[in-house]
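No lab work stands behind these numbers, since they all come straight from the coordinates. The shown structure was predicted, so the numbers you read here are calculated from the model rather than taken from an experiment. For neighbour counting, all protein chains shown are included, and Cβ atoms are generated from backbone atoms with ideal geometry for every residue, glycine included.
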Protein chains: 2
Amino acid sequence: MRQRLGCSGVTSKIDLEARGKALDIVKYSMRELLEQIERGEKPTLIMPKRTLSNTIYDLKHKMLLLGPELQKRSFTDVNEAKKFMQTLLMASIIYEALRNNEYPTIRDLYYRGKHSIVYRSIDGKRVSENTWDEQRESDSVIRDLEVLLSVLREDLLILSKEKGKVVGNLVIRSGDDTIDLSKMGHGAYSIEPTPDLIEFIDVDAEYILVVEKDAVFQQLHRYGFWRKYKAILVTSAGQPDRATRRFVRRLSDELKLPVYILADSDPYGFYIYSVFKAGSITLSYESERLATPSAKFIGVMMTDIFGDSVFKKIIKEREARKTLEEVATGIEDLKPKTPYLSESERSNFIIKAKTKDLERAVELIGYKVADVCMEDKDAKSKIKRKEGLTGYPWFATPHWVRELCIFFNTLSKLEIEAMASKGLKFLADKYIPEKISSGDWID
Amino acid sequence: MRQRLGCSGVTSKIDLEARGKALDIVKYSMRELLEQIERGEKPTLIMPKRTLSNTIYDLKHKMLLLGPELQKRSFTDVNEAKKFMQTLLMASIIYEALRNNEYPTIRDLYYRGKHSIVYRSIDGKRVSENTWDEQRESDSVIRDLEVLLSVLREDLLILSKEKGKVVGNLVIRSGDDTIDLSKMGHGAYSIEPTPDLIEFIDVDAEYILVVEKDAVFQQLHRYGFWRKYKAILVTSAGQPDRATRRFVRRLSDELKLPVYILADSDPYGFYIYSVFKAGSITLSYESERLATPSAKFIGVMMTDIFGDSVFKKIIKEREARKTLEEVATGIEDLKPKTPYLSESERSNFIIKAKTKDLERAVELIGYKVADVCMEDKDAKSKIKRKEGLTGYPWFATPHWVRELCIFFNTLSKLEIEAMASKGLKFLADKYIPEKISSGDWID
């Protein structure tokens, strides 16, 4: 199976370079182990600890990062030996894949490494043990390697399915091609799974609009929105994957353009914004390169639907106000808001929140806001209470307290499609531009 | 809200033409109603019946089609009045959207039409009735309009999310742009939701390879597969949506190229092939334009994993052979097959089938094959038996009987990724080209 680099297939020059770089990274990190053995030491891998307790929200950079704690994996420690072996097995599989001009997926890597090791135990018995059984196990080993090598898996040319799309006045270089993203017709450019290999050549845009829903992206694209408003239009097609997040982060960093997120008005939509902005708690080590801390949520906001009268009424009560101020100071200084929807539109468009929506909202902001703002005792009683849930730090702002308070109070959610059904013209020529120009977004 | 065509947004010329055509279609079909009224007749809509009993598998064209039965919706029939009103309401919403330069989705259309009609009943009571409550209802009305107008919803510029992607030596025209699909770098071209508006300009390819899984598409693309083998590479990213199916059908019809489907080796993968080839039972009226009857399943086949020895053993028994011959004659004349996987690869790669996989397989081929080929009595007893399930006609072939018999016997399935994990070179340079050149596919 072994072969020289680039002697088959017709891969791009960019990939050949990336492959060379990745081979070096894997090789040099493993050399350290050899040196330990030569020095007569026990072979040990040392890497940052990927645990919740070692996950820190960096207030200055506004992102989730791994803390300073380290963990070691020693070959000679019986509790660590299996993990040590798994890590080396995975490193060698990835190394071979790189050498063989391959582009494995994490599913491939699981299959490639999956086998049984048969050996005699100390008491002479024949023992059989699997390298790993579930993909969960091999995925975790891949994450270990990412933190050990300080790379993203994409840097090792590990591919994945990719949902993100983009159109706009942007010329990029990908592989051996130069691609004008304003010349995609009615279709769109499907982002590559390794967005770090993209080069931005030319841009003529004022902001980046990330739309959660592909169908809304299609509508805005077809309407000529990005051309009219000089936007780069991106869709994550639901929960954003890694490549879309990295792509948006690079657009933000390198083009110095503001990023606005347009999602459904429900805790799931808010969470999508949160993943773009700060990363996911469980994969905090990736945030440093995947998160876009400057991303702004432009809507759909609860206040776009209901205005702020509900919230004003709630904070008139001293006790309620005090509790909400504990979550975020400044709730009384928020700018007033009038809704974009009429009473009858509201009644046709809103959807009743389910218990799992409420629980997701509590995850975002903790119990205090729910306790103060929810009047429906029946709905309240259905929420499962978990120990120690205090919400994400980046939701502890006056704006989000207001949004989520209204959510808990009205038990309502709304899809972007409802805004589009008021007329695509309304969505494209009024709602989005007005919100952006008036600064009616949440940072 | 009313405005003249094309006076806002920056839509393409193609869309302007499509919009004009769609407006005419809706207008002229509704004119018939006016004429009925002028003639003093009761306003009545007549359209093909969209029921299972009126769904026919056309053996000659190898697709599911609607039969000759018609249904009528009369305004003055109390049982039909609501449906009649819903149909007219939907037609008017679509007409307005077309006039207003919009691109609604079926979700939009649901929202746009959703409201309560308040009226006084015959006995003077105030009654309130909703136009529709669930999207299921409004979707069904859209389908009625499709058969009434003999169009696909896409012809009315109704958009939807779209997962399909394509790369290859193909130049297309979409909107106002000419796009070279061989110049997409590491990314891909995301197919538009209205593929009938695409124009094929130039092609240099020998076949179309449709890959079920986006991650495998990414690997083959990156490897340069389509360049090396002159293929147009398409992915449906799972269950194919309407636009991807229509796009593949048009590639097949207009470029006169064979279409090969590469999917997982499980009843779900077989079903994906089936949707591409013959359409889905519930939406048979669309098949005439969405299905690709000449599509071939190249794998992964059960015989690619296990060879044919299992099957040969089963049909040695006279009774078993007789029953299987009843499903499809010719099972003894099938070409022998040797597997692509070794014994140890098999044991690492195969996944145990679940009851729902077995039930899905029964849907495809009926109970006879399951009854003859399954030896695991426990697994057999878990399958829920449904009346009248005899399988789809296009699976009643000797090849599919062999494939599904092996599936029922081994209770195993396999993902394409397992083939890729044998080496991308194996998948790209041996498995796919060899299967195509030797004709080892199922028609």
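Remarks
- Think of the axis that spins chain A onto B; the A residue whose C-beta lies nearest it, and the distance in whole Å, is A:Ser190, 2.
- Per-residue mean of foreign Cβ neighbours for A:425-431 is 2 (Cβ atoms of other chains, 10 Å radius).
- Put simply, the range A:162-299 fits an ellipsoid with semi-axes of 21, 18, 13 Å; these come from the alpha carbon gyration tensor as the roots of five times its eigenvalues, largest first.
- Of all the options B:Ser53, B:Ser287, B:Ser309, the one that moves most in a Gaussian network model of chain B with Cα springs shorter than 10 angstrom is B:Ser53.
- For chain B, size of Cβ-based charge dipole, Lys and Arg +1, Asp and Glu -1, in debye: 520 debye
- Share of alpha-carbon pairs per 20 Å distance bin for chain B, given as whole %: 22, 48, 26, 4
- Considering only the protein assembly as shown, percent of DSSP beta bridges that pair antiparallel, nearest 5: 70 percent
- Membrane-span-like helices in chain B, defined here as complete DSSP H runs extending at least 24 Å along the helix axis by their C-alpha atoms with mean Kyte-Doolittle hydropathy no lower than -0.5, are B:13-38, B:81-99; this is a sequence and geometry rule, not a statement about a membrane.
- For the range B:301-414, the relative contact order comes to 40 percent (Cα pairs under 8 Å, sequence separation of at least 6).
- All Cα-Cα separations within the range A:301-414 were binned at 10 Å from zero, giving a P(r) of 14, 48, 33, 4, 0, each value a whole percent of the pairs.
- Two-decimal log10 I(q)/I(0) for the protein assembly as shown, as the Debye equation yields it once each C-alpha is a single scatterer, q = 0.05, 0.06 Å⁻¹: -0.32, -0.47
- Over 26 Å (Cα to Cα) - which of B:Lys27/B:Lys49; A:Lys335/A:Lys368; B:Lys230/B:Lys277; B:Lys72/B:Lys386; A:Lys165/A:Lys435 fall in this group: B:Lys72/B:Lys386
- Distance from the C-alpha centroid of the range A:370-411 to that of the range A:242-314: 19 Å, rounded to the whole angstrom.
- Looking at the range A:166-313, the DSSP beta bridges with both ends there are about 50 percent antiparallel.
- Annotation: amide H-H contacts under 5 Å for A:Gln71 (H modelled 1.01 Å from N, sequence separation of 5 or more, or interchain): A:Met47, A:Lys49.
- Here the 3J(HN,Hα) profile of the range A:155-167, calculated from phi with Karplus coefficients 6.51, -1.76 and 1.60 at θ = phi - 60°, is 5, 9, 6, 8, 9, 7, 5, 9, 9, x, 9, 8, 9 Hz, Gly and Pro shown as x.
- Partner chain coverage, peptide B:414-421 - average Cβ within 10 angstrom: 5
- Summed side-chain charge close to A:Leu45 - residues other than A:Leu45 whose Cβ falls under 12 Å, Lys, Arg +1, Asp, Glu -1: 0
- Gaussian network model of chain B, Cα within-10 Å springs - most flexible of B:Leu33, B:Leu16, B:Leu220: B:Leu33
- Net charge dipole size for the range B:13-156 [Lys, Arg +1 and Asp, Glu -1 on Cβ; Debye, nearest 20]: 120 debye
- Max mean-square fluctuation residue, GNM over chain A, Cα-Cα springs under 10 Å, options A:Gln36, A:Gln239, A:Gln86: A:Gln36
- For the range B:340-394, the spread of Cα coordinates along the three principal axes comes to 40, 28, 19 Å, biggest extent given first.
- Calculated label separations, B:Leu70, copies of the chain, 7 Å along the beta-carbon direction, nm: 8.3
- Normalised by the number of residues in chain B, the average gap of Cα pairs under 8 Å and 6 or more apart makes the relative contact order 13 percent.
- Mean separation of Cα pairs under 8 Å and 6 or more residues apart, divided by the residue count, gives the range B:236-313 a relative contact order of 34 percent.
- Intensity falloff of the range B:17-56 expressed as log10 I(q)/I(0), Debye formula with alpha-carbon point scatterers, at q = 0.19, 0.25, 0.30 Å⁻¹: -0.72, -0.80, -0.90
- Alpha-carbon Debye profile of the range A:66-179, log10 I(q)/I(0) at 0.12, 0.17 Å⁻¹: -0.57, -0.95
- Average beta carbon contacts from partner chains per residue of B:188-198, 10 Å cutoff: 6
- Efficiency of FRET between A:Ile46 and B:Val310 - r from beta-carbon atoms, R0 60 angstrom, step 0.05: 0.75
- Considering only beta bridges that DSSP places wholly inside chain B, some 70 percent are antiparallel.
- Phi-derived couplings, Karplus 6.51 cos²θ - 1.76 cosθ + 1.60 at θ = phi - 60°, listed residue by residue for the range A:172-179: 10, 10, 9, x, 9, 10, 9, 10 Hz, with x used for Gly and Pro.
- A Förster radius of 30 Å combined with the Cβ-Cβ distance from B:Glu137 to B:Lys13 puts the calculated FRET efficiency at roughly 0.25.
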